[in-house]
Amino acid sequence: MSSKKSRLTTLFTYVCLNKFIISLTSKQTSGLKEQRPTTSKIKAFIERFWQLTIILVALLSLSSLSYAEISSAVITDQTAISDELSGEMPGEKSTVKSPEVLTHKTTLKTRWNTIELSGKNHSVYFHAWGGDPQINSYIQWLAKRVKQLHNIDLHHVKLTDTSEAVSRVLAEKSAENHQQGQVDLVWINGENFASMAQYQLLAKDWVAQLPNFSLTNPHENEAMTRDFGLPTQGMEAPWGQASLTFYYTPTHQSNEFNFAQRTYQESIQHAPKDINQLLIWAEQNPGRFTYPKPPDFLSLSFLKYALIALNQFQPEQIKSGLYQAVTPLSQAALLPVLWHYLDKLHPNLWHQGQYFVASGTALQRLVGDGEINLGFTFSAAQIPASVARYNLPENTRSFVMQDGSLSNIHFVAIPYNAANSNSAKIVANFMLSVEAQAKKQQAEVWGDSTVIDVSQLPSPQQLLFSTNKQSPSALPISSKIKALSEPHPSWSKLISREWLKRYGAQ
């Protein structure tokens with residue numbers, strides 16, 4: 001409407017000025033007649049001159065208005081695009097994206113569309129630890145969803161140890177099988193990531209292609225791009241995060257018959273609260289605690305927790321050696337205190353430390369059978385779920401050590417020679433979706449903490465991560481967790497090797 005008014009105003013001005021010039025020209029030419037004879041050609045020439053001038057001015061005015069309208073429309077469109085990309089409502093304050101940013105986003109979207117097109121209708125062989133029924137059930141749900149969404153057949157290849165997948169890929173590389181590998185996707189931890197990266201067994205720079213990777217807010221959360229202190233360099237996509245959690249089941253001899261009526265703090269009052277109390281508790285309750293033998297992942301997690309906690313009062317320059325590659329100096333400064341501690345602990349363990357279970361599942365079975373009272377896991381939700389299945393006693397309670405809880409982020413990776421790498425990317429992207437992450441965090445499903453920055457999500461999606469009433473056996477939401485970062489991967493290899501030398505391969 002305003003555009004039409006502007007044009008009418010300009011045309012009206014042109015007509016009025018044109019009439020004025022014709023009138024003025026008439027007076028000028030009449031004066032010329034009195035001075036000297038002239039023809040009508042002179043009058044016509046002057047009229048045409050002024051008319052052309054007015055037309056030129058009018059056209060410039062009209063073209064100027066049109067350009068302003070077009071510019072305004074372009075700015076409005078760019079603002080709308082920016083609002084859509086940033087998640088803001090139209091009209092809200094936002095930063096207009098530069099053409100370079102918009103072009104980059106368009107390129108990424110086009111590339112991802114190509115990946116989706118070529119990746120659907122294939123199979124993905126996902127090599128992952130298979131020792132937990134809850135996790136196995138969740139992976140089955142993943143398989144069902146990617147089948148529905150992308151017609152991808154996700155096969156869970158259950159592993160006892162992730163090193164099995166590492167060995168398979170390494171063997172394929174030795175056999176020069178560089179394109180038809182049998183491992184499409186692998187659930188991986190820091191030590192195995194370091195090994196696969198060292199031998200160039202992983203696909204590089206693919207994670208940034210996943211649209212859902214941005215949900216982790218990696219620019220503000222460095223942990224999403226570091227595994228056991230090592231930069232992932234786009235070779236791993238974060239999947240979840242967890243902390244070492246202990247669980248305790250009191251015996252009848254401890255006079256706790258009215259356990260259900262006790263508060264949470266009362267129910268764990270006899271459980272050890274730090275690494276030194278654990279030794280005292282084991283001495284007072286011989287045979288009631290043990291841990292898996294290395295190189296089991298849970299075993300090494302316990303031993304690394306002990307190593308960090310026992311060295312917590314060392315000078316900073318010595319403690320920093322835990323987060324660097326092992327050297328003879330750091331080994332001599334940090335390891336002796338661990339062996340000294342274990343030498344005292346082992347005689348008070350289950351079977352006097354002469355025999356060790358092979359896994360966390362076997363450890364939980366000992367607690368469930370009443371042979372020991374204290375266990376630990378990296379899957380906190382496993383405890384209430386096991387209680388619900390009657391695999392653990394009803395009076396089992398979860399807690400974290402006050403001197404720290406070993407914490408890490410676990411990832412998925414794609415081998416360099418995966419037969420269906422694009423299909424694996426689609427699965428990894430769905431693993432990072434709000435739907436998949438919210439379901440995984442539910443205690444009754446898995447209870448694995450999300451890697452998504454929930455604070456950046458719209459309110460309706462944030463509600464998906466809310467927690468319902470907890471089981472008494474679950475780790476309380478209010479638990480204060482002092483997170484302990486994973487040491488450099490070289491420490492895991494050293495601890496495992498030296499442990500077997502000192503304590504044998506029981």
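The values are calculated or read from the model by the stated rules, or taken from the named source; none is laboratory data. Because the structure is predicted, anything quoted here is derived from the model rather than measured. Cβ placement follows ideal geometry from the backbone for every residue including glycine, while neighbour counts extend to all protein chains displayed. Note: accessible area is taken over every heavy atom of the protein model, side chains too, but ligands, DNA and RNA are not part of it. Shrake-Rupley method; radii C 1.70, N 1.55, O 1.52, S 1.80 Å.
Details
- For the set His156, His340, His219, the ranking by accessible area, highest first and with no ligand, DNA or RNA atoms included, is His219, His340, His156 under a 1.4 Å probe.
- The residues of segment 421-460 expose on average 34 square angstrom of accessible surface per residue, using a 1.4 Å probe on protein heavy atoms.
- Virtual spin-label span in nm between Ser174 and Thr160, 7 Å along Cα→Cβ: 2.0
- R0 of 30 Å, Cβ-Cβ distance Ile481-Ile318: FRET efficiency to nearest 0.05: 0.75
- The slack in the chain from Gln462 to Gln265, taken as 0.36 nm per residue of separation less the alpha-carbon distance, amounts to 67.9 nm.
- Reported to the nearest whole Å, the Cα centre-to-centre distance from segment 345-382 to segment 196-237 is 34.
- Against the empirical curve 2.2 N^0.38 Å, the C-alpha radius of gyration of segment 224-324 lands at a ratio of 1.43.
- Above-threshold pairs, the threshold being 22 Å between Cα atoms, out of Lys173/Lys501; Lys293/Lys319; Lys319/Lys501; Lys293/Lys493; Lys440/Lys493: Lys173/Lys501; Lys293/Lys319; Lys319/Lys501; Lys440/Lys493
- The dipole here belongs to segment 414-506: it is taken about the Cα centre, uses +1 on the Cβ of Lys and Arg and -1 on the Cβ of Asp and Glu, and is about 400 debye.
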